[in-house]
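The values are calculated or read from the model by the stated rules, or taken from the named source; none is laboratory data. This is a predicted model, so every value here is computed, not measured. Here the Cβ positions follow ideal geometry from the backbone for every residue, glycine too, while neighbour counts run over all protein chains shown. The area values use the complete protein model at the heavy-atom level, side chains included, leaving out ligands, DNA and RNA. Shrake-Rupley method; radii C 1.70, N 1.55, O 1.52, S 1.80 Å.
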Amino acid sequence: MNTINEVVELLNLEKIEENIFRGNNYKTPWGRVFGGQVLAQALHAAYETVPADRFVHSLHGYFILVGDVDVPIVYQVDRIRDGGSFTTRRVVAIQKGRPIFNMSASFQEQKKGLEHQIPMPNVPSPDSLMSDTELNESLRKRPRPVEYRPVEKVRTDPPRNIPPYQNIWLKAIGDLPDDTRTHHELLTFTVDFHLLGTSTLPHQADTPKFFMVSLDHAMWFHRNFRIDDWLLYSMDSPSASNERGFNRGSLFNQDGLLVASVVQEGLMRVFKDG
């Protein structure tokens, strides 16, 4: 995908019948369905069944099977509850008659209430940083829908072990409509790109060959934002054990407001020689 509008089109599912939708796949270079795509398409399917004045505040998903990029995905929505303040949905993604992913999501009217937040890390502004395409020769000729500007250089040659922290500024390239749901879906798609790798940073030199795949993913949406404005994605990995890496992410706008939080655990299996 070369433009952010292509991503938006990818997330706009075909309605097959009531509560059932179908979506196509991003043809990934690694040959498996991209987890962020499934998350965002599942969120879109759920959004198609909730009232217009309710917006997602949390979602929790489990990746069950690796998806086939050559087979469309069917999303089945279960309208669990429509309450006075919250709406709850469950979404199952299906390929070849088998569930490959399931998600629960909760939606709420926007309300005024008590507020506090953690401070944004003190990092350089995106204007002072080089983009990943400028830093990486292999990316320079590939148009991309989202621009990333890493604060730290976490990939080194030769590889070295570093603490499990990284900060990246991100922004969709192009103008997007004033539609909160679209910005929620695009952020859900985008944040899956870097988070899982955070847990590998302390092990880059010792075990350079990993098999990695997402096991689960959760997001919380705290405040309104635009993904076509710069957001700081601040990530850490508190723990890795039992072939699993645990990762957290906080997303701040340039005013320092915490707009969303992410957690993800993934399989971290080391390839053994022979």
(request) Only Lys, Arg, Asp and Glu count, each charged at its Cβ (+1, +1, -1, -1), so figure out the dipole size of segment 134-261 about its Cα centre, rounded to 20 debye. (result) 320 debye
(message) At 1.4 Å probe size, with the rest of the protein present, what percent of the exposed accessible area of the chain is carbon and sulfur atoms?
(response) 50 percent
(request) Mind counting lysine pairs for me in the chain? Cα separation below 22 Å, and the two need to be 8 or more apart along the chain or on different chains. (result) 10
(request) Pop out the ³J(HN,Hα) list for segment 56-69 in order, Karplus 6.51 cos²θ - 1.76 cosθ + 1.60 with θ = phi - 60°, rounded to Hz; leave Gly and Pro as x. (result) 4, 10, 7, 9, 9, x, 10, 8, 9, 9, 5, x, 8, 5
(request) Give the accessible area for residue 209 in Å² (nearest 10); use a 1.4 Å probe, count only protein heavy atoms, and leave out ligands, DNA and RNA. (result) 130 Å²
(request) Calculate, for the chain, the solvent-accessible area per residue in square angstrom, rolling a 1.4 angstrom probe over the heavy atoms of the protein chains. (result) 51 Å²
(message) I need the peptides 115-123, 40-48 ranked by packing, meaning the mean over residues of other C-beta atoms within 10 angstrom, with the highest value on top.
(response) 40-48, 115-123
(request) In debye, nearest 20, what is the charge dipole magnitude of segment 205-274 about its Cα centre with +1 on Lys and Arg Cβ and -1 on Asp and Glu Cβ, if you could check? (result) 120 debye
(request) Mind running the shape call on segment 148-274? Use the C-alpha gyration tensor, a ≥ b ≥ c as the square roots of the eigenvalues: rounded below 1.5 for a/c, prolate if a/b tops b/c, oblate otherwise. (result) prolate
